[in-house]
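Below is one structure, written out as structure tokens, with a few remarks after it.
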Amino acid sequence: MASVSCKTLGIGLAGFGTVGSGVWNILARNGELITDRTHGSVNLEIRKVIVRDLNKFREADAPDEIFDTDLALLIEDPSIDIVVELIGGTQAAFHLVAAALKAGKPVVTGNKALLAERGKELFALSAEHKTPIHFEAAVAGAIPVIKAVQESFIGNRIESLTGIINGTSNYILQRMTEAGLGYPEALGEAKELGYAEADETLDVNGWDAAHKAILLASLSYGTLINYEDVYVRGIEMVTPLDIRFAKELGYVVKLLSLVRQHEDGSIEIRTQPSFISAKHILASVNGVFNAIAVKGDAAGESLFYGRGAGQEPTGSSVVADLVEAARLMEHGGTHRGFLPAEESPKLMPIEDTATPYYVRFKVTDRPGVIAEIATVLAEAGVGISGTHSPSNPEDPDADFVDMVFLLHKTPFGHLKETLAQVEALDSVTERPVVFRIEKL
């Protein structure tokens, strides 16, 4: 049984939405279990919760007297030992976290945007005041991938991280694939089921996943990456037509985040809808689940799979960080945090990144069109691995048809220059649609 003499640490919780409610429920249900498992060294109590609206409906049964609306109370109240930031955004959250660090109060956060965009300032404050920031919940919900990168792979050079790390986009693409829904219909369904927020922007435009990828890359290579330099594309323009063509060619479309270190030491990092082989294990990651493949030079490739969001999955990671913060406060030691490398690798320009490609052209239905496009590609030194001209069952007699070219590995910048020449042809009626084909 747990020791009754262990010190109780006070938790100040900023935000009591989905994740905050999950943290409360987990501690209410499993608090004694945590104390037992830590041999009486960790006893956690949420003593104050800060919210915007005191009258809003709560998903957890917490007493009214611990709620307030003033974030400053979490810093000023001496009974608060650890601050948990779950309010999101990058303005108020930054000021709260910075104030907590300066006050010597450890911080637990699930705010990937905050760390991706303002991590340089916060990690510097953390080091200056010798106060840790814990952030397992910032990436992939319940999946302990940050802990794995920082601890389990400490003896490895990380060669790559490849993942599906936004459940909303993954669900939408799955429904477009399986049910033939258009993007608006699939998004509407995701909202009805609670898989998409009222404002879905960061989920579908790729930035939620990109923030997570930036954080993982920063931890893996010891360099704080400027989010403004990272290439990000979302799923808003993905059509059922391209999804159908992908299936005919043996691929599926996934919003893929990729981090890779090249032989010259440079880092490639990008998030975008991509074609991956239907036989690859990531192709079977469906619904709101996440999966991240981490490849180390010693360990090889390991796959981390689980629920990437949700009340208790993400709350589980927050609670794990709270336990670690409590252990460090009681027993001392150094938190992993962000550890800068002696030599920070450079970010590879997106124009230099190279993959094979799927390119769909809308062309006039007349003889010689394929030859015209092929000539431009050949003169530019872009190799063709195949062509595909599937019929459109909805309009088999159309004057304009879709022509798909599968292209060999080419630097992205060179591809853009070449496609601009193709687009200028009289036979090409619309801007080409481009997807990378990822060889995972």
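The values are calculated or read from the model by the stated rules, or taken from the named source; none is laboratory data. For clarity, every value in this text was computed on a predicted model and none was experimentally measured. Glycine also receives a Cβ, built like all others from the backbone with ideal geometry; neighbour counts cover every protein chain displayed. The accessibility values were calculated without ligands, DNA or RNA, using every heavy atom of the protein model including side chains. Shrake-Rupley method; radii C 1.70, N 1.55, O 1.52, S 1.80 Å.
Determine whether Ala113 is of a type in the set (A, V, I, L, M, F, W, C), open to solvent by less than 10 Å² (accessible area, probe 1.4 Å) and within 18 Å of Ile225 (Cβ to Cβ). Against the criterion (of a type in the set (A, V, I, L, M, F, W, C), open to solvent by less than 10 Å² (accessible area, probe 1.4 Å) and within 18 Å of Ile225 (Cβ to Cβ)), Ala113 does not qualify. Within the option set Ile165, Ile158, being within 23 Å of Asp242 (Cα to Cα) and β-branched (Val, Ile, Thr) holds for one residue only, Ile165. Taking the conditions (1) open to solvent by 30 Å² or more (accessible area, probe 1.4 Å); (2) in a strand (DSSP E or B); (3) in contact (Cβ under 8 Å) with a residue 60 or more places away in the chain in turn, Glu59 satisfies each one other than (2). Residue count for region 148-197 satisfying the condition of being acidic (Asp, Glu) and touching a residue at least 40 places away in the same chain (Cβ under 8 Å): 2.
When you scan region 7-18, do you find a residue that is part of a helix (DSSP H, G or I), surrounded by fewer than 23 Cβ atoms within 10 Å (Cβ to Cβ) and either without any contact (Cβ under 8 Å) to a residue 40 or more places away in the chain or not small (Gly, Ala, Ser) (or both), even just one?
From region 7-18, those part of a helix (DSSP H, G or I) are 18; that's our starting set.
Cutting the leftovers down to surrounded by fewer than 23 Cβ atoms within 10 Å (Cβ to Cβ) gives us 18.
Going one step further and asking which of them are either without any contact (Cβ under 8 Å) to a residue 40 or more places away in the chain or not small (Gly, Ala, Ser) (or both), we end up with 18.
Scanning region 7-18 turns up at least one residue that is part of a helix (DSSP H, G or I), surrounded by fewer than 23 Cβ atoms within 10 Å (Cβ to Cβ) and either without any contact (Cβ under 8 Å) to a residue 40 or more places away in the chain or not small (Gly, Ala, Ser) (or both).
Checking the structure you have, find out if any residue of region 295-303 is surrounded by fewer than 21 Cβ atoms within 10 Å (Cβ to Cβ) and under 15 Å from the mean Cα position of the chain (by Cα). The answer is no; no qualifying residue exists.
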